[in-house]
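K.L.:
Before we start, here is the structure in question, set down as C-alpha cells.
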Amino acid sequence: MVNAVSAGKRFKALLASGQCLVTPGCHDALSARLAQDAGFEALAISGFGVEAALLGKPDIGLLTLSELVDQARRIAGAVDLPVTCDGETGFGGVHNIARLVREMEAAGIAGIQIEDQANPKRCPALEGRSLVSCEEQLVRIRAALAARRDPDFLVIARSDADTVSFADLIERSNRYLAAGADMAMPICFLVDGRPIGDLDADGQMDVFARLAAAIDGPVKAVMIPQGYTARDMGEIGYSVVGLTGGPIEAAASAMHAAYASLRETGSEQAYRDANPPLVPAPGGIMRILGIEEHLAFERGFGTDKDS
C-alpha cells in the first residue's frame, strides 16, 4: 500500500509518543493483515517465523537474503503500518549488508535489526550461539548506516552477548549505539550463565530494569515477564517490545489441533464446535483481506457480478 511518508519516519513518529510500542510478530501477508485488523500500530517480521512458514525449517540460519526481502515486500505491501524486519546477521560482508538495507528500503520496510551472532546463526532458544567480535559487529552497523538512503530507516543493533555475561551485553549494546545504531536490542535469555526463566517474574523484571537503565539509548525488548505488560516495560525504560513468537505459536497450535481433529474424526465439525471460529473461512478471512475494497474497485469498471 502506497504512503507518501516513509515507513521509517512513521515508525519514529510512533516512538516519539513516549509510550512503549508493541510490535507483534508477523510471518506472511495474512498474519500482518490480522495484526492490523486487531488494531496494532506497527509490526515486526520474525526471521524465526519466516523461516518456519516459508521454508518449513527451524531457525538455524537457512533463510536467504532474497527470500527474506521478497517476504518482507509482500508483508509491507499488504498493510498500512510501518514494519520492521529481522535482518539476521546481514547475510555476509559489508556489500551484502548494504544490499539488504537498500532492498528493504525499496520493499517499504521501516528498519532492520542486525545481530552480532557468528554464522551460522541460531535461535536464542537453542544452545550453541556464538558471537563475532564487537569490532566486526560495529562494521556491520556502520555498513548498514552508510547504505541507507532514507535517514529515517532504522538500524537496530541486536546483541546476543548474554551468552558471555550481563556486563558484556550492556557494553556491546552501548558501543553499538555509540556507533550510530538507532536502537539496541539486547537478547537476555541468559543472565551470567543462568537461564532467565529460572528467575520468578519479579526477578526477571529486575534484570530487565537494570539492563535498560545501563544502556544509553532506546532499547527494544523481546519478552515480557508473566503478569507484567508492555506499559510496565515502558515504565522501566523500554521503547519497543517485539513479541514475535506468540502469533506463530498460536497459529501453529490451532492448525495442529484442527488437523489432528480432522484426522481423528473425519470431519471439521468437532474442532469447530470446540473452537468456534473468530475469523470464519472464507467470508471472515476475505473481509480482513479487503474484499469490499476489491469489489468496489471492480464495480468502478462495470464488472460487478451482481449487475
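All of the numbers you see were taken from the coordinates with simple rules; none came from a lab. Keep in mind that this is a model prediction, so the values were computed, not measured. FYI the Cβ positions are ideal-geometry reconstructions off the backbone, even for glycines, and counts take in every protein chain you see.
K.L.:
How far is the Cα center of the range 222-236 from the Cα center of the range 147-187, in Å?
P.N.:
Using only Cα atoms to place each centre, the spacing works out to 20 Å.
K.L.:
Let me ask another. What does the charge dipole of the range 53-98 about its Cα centre add up to, to the nearest 20 debye, if the Cβ of each Lys and Arg holds +1 and the Cβ of each Asp and Glu holds -1?
P.N.:
Details: 3 positive and 6 negative charges, 18 e Å.
Dipole about the Cα centre, nearest 20: 80 debye.
K.L.:
Taking DSSP loops as anything outside H, G, I, E and B, show the longest stretch in the chain free of trypsin sites (Lys or Arg not before Pro) there with at most 10 other beta carbons within 10 Å.
P.N.:
Answer from the scan: 150-304.
K.L.:
Right, next: Enumerate the calculated ³J(HN,Hα) couplings along the range 92-98 in order (Karplus 6.51 cos²θ - 1.76 cosθ + 1.60, θ = phi - 60°), each rounded to whole Hz, writing x wherever the residue is Gly or Pro.
P.N.:
x, x, 4, 5, 5, 5, 4
K.L.:
Using θ = phi - 60° and the Karplus curve 6.51 cos²θ - 1.76 cosθ + 1.60, what whole-Hz ³J(HN,Hα) does each residue of the range 119-132 get, with Gly and Pro shown as x?
P.N.:
7, x, 6, 8, 4, x, 6, 9, 6, x, 5, 10, 10, 7
K.L.:
Still on this structure, please answer the following. Please compute the alpha carbon radius of gyration of the range 4-96, then divide it by the globular-protein estimate 2.2 N^0.38 Å. Two decimals is fine. Can you show the working numbers first?
P.N.:
On the way: Rg = 13.7 Å, N = 93, 2.2 N^0.38 = 12.3 Å.
With N residues counted in the range 4-96, Rg over 2.2 N^0.38 Å equals 1.11.
K.L.:
Moving on to the next point. So which residue, out of Ser253, Ser46, Ser239, gets the largest mean-square fluctuation from a GNM of the chain using Cα contacts under 10 Å as springs?
P.N.:
Ser253
K.L.:
What are the ³J(HN,Hα) values, in whole Hz, obtained from phi via the Karplus relation 6.51 cos²θ - 1.76 cosθ + 1.60 with θ = phi - 60°, for each residue of the range 184-192 in sequence order, with x given for Gly and Pro?
P.N.:
9, 10, x, 7, 10, 7, 10, 10, 6
K.L.:
Same structure, new question: Among Ala38, Ala106, Ala281, whose mean-square fluctuation peaks in a Gaussian network model of the chain (Cα, cutoff 10 Å)?
P.N.:
Between Ala38, Ala106, Ala281, it is Ala281 that shows the largest mean-square fluctuation.
K.L.:
Still on this structure: Counting other C-beta atoms within 10 Å, which of Ile170, Ile97 has the fewest, and how do the rest follow? Don't jump to the answer; show the numbers that get you there.
P.N.:
On the way: Ile170 21, Ile97 27.
Least crowded to most crowded, the residues run Ile170, Ile97.
K.L.:
When only C-alpha pairs under 8 Å and at least 6 residues apart count, what is the relative contact order of the range 190-307, in percent?
P.N.:
On the way: 59 pairs, mean separation 16.6, N = 118.
Rounded, it is 14 percent for the range 190-307.
K.L.:
Here is a further query. Only bridges with both residues in the chain count here: give the DSSP antiparallel percent, nearest 5.
P.N.:
Values: 3 of 27 bridges.
Counting only bridges with both partners in the chain, antiparallel ones make up about 10 percent.
K.L.:
Turning to a different aspect of this structure: Relative contact order of the chain, please, whole-number percent, based on alpha carbon pairs below 8 angstrom and at least 6 residues apart.
P.N.:
Working: 529 pairs, mean separation 53.7, N = 307.
That works out to 17 percent.
K.L.:
By the gyration tensor of its Cα atoms, with a ≥ b ≥ c the square roots of the eigenvalues, what is the shape of the range 124-190: rounded for a/c under 1.5, prolate for a/b over b/c, or oblate?
P.N.:
Working: a/c = 2.08, a/b = 2.01, b/c = 1.03.
Taking the square roots of the gyration eigenvalues as a ≥ b ≥ c, the range 124-190 is prolate.
K.L.:
Before anything else, pin down the relative contact order of the range 122-245: Cα pairs under 8 Å, at least 6 apart, normalised by residue count, whole percent.
P.N.:
Values: 175 pairs, mean separation 25.0, N = 124.
Once normalised by length, the contact order is 20 percent.
K.L.:
Could I ask something else about it? Amide H of Cys26: which non-local residues (sequence gap of 5 or more, or other chain) have their own amide H closer than 5 Å, using H built in the peptide plane?
P.N.:
Excluding prolines and chain starts, which carry no amide H, the hits are Ala44, Ile45, Ser46.
K.L.:
Roughly how many nanometres apart are two label points built 7 Å out from the Cα toward the Cβ at Glu264 and Ser133?
P.N.:
Taking the simple label geometry, Glu264 and Ser133 are separated by 5.7 nm.
K.L.:
May I have the extent of the alpha carbons of the chain along their three principal axes, as whole Å values ordered from largest to smallest?
P.N.:
For the chain, the Cα extents along the three principal axes come out at 66, 46, 36 Å.
K.L.:
If you don't mind, there's one more thing I want to ask. On a full-extension model of 0.36 nm per residue, what is the gain between Glu235 and Ala250, subtracting their alpha-carbon distance, rounded to one decimal in nm? List each step's numbers first, then the result.
P.N.:
Working: separation 15, 0.36 × 15 = 5.40 nm, distance 2.78 nm.
Between Glu235 and Ala250, full extension yields an extra 2.6 nm.
K.L.:
If you place +1 on the Cβ of every Lys and Arg and -1 on the Cβ of every Asp and Glu, how big does the dipole about the Cα centre of the chain come out, in debye to the nearest 20? Could the numbers behind the result be given before it?
P.N.:
Values: 28 positive and 41 negative charges, 146 e Å.
With only Lys, Arg, Asp and Glu charged at Cβ, the dipole is about 700 debye.
K.L.:
On full extension of the chain, what length is gained from Asn96 through Ile288, given 0.36 nm per residue of separation minus the C-alpha to C-alpha distance? Write out the running numbers ahead of the final one.
P.N.:
Numbers: separation 192, 0.36 × 192 = 69.12 nm, distance 3.58 nm.
Full-extension gain reported as 65.5 nm.
K.L.:
Projected area of the range 153-240, taken from the Cα convex hull and averaged over every viewing direction, in nm²? Intermediate values should be presented prior to the final figure.
P.N.:
Working: hull surface 20.5 nm².
Result: 5.1 nm².
K.L.:
Next up: Do the sum for the chain: with -39,500 (n - 2.57) for every DSSP H run of n ≥ 4, divided by all residues, what is the mean residue ellipticity at 222 nm, to the nearest 500 deg cm²/dmol?
P.N.:
Helix-only estimate at 222 nm: -13500 deg cm²/dmol.
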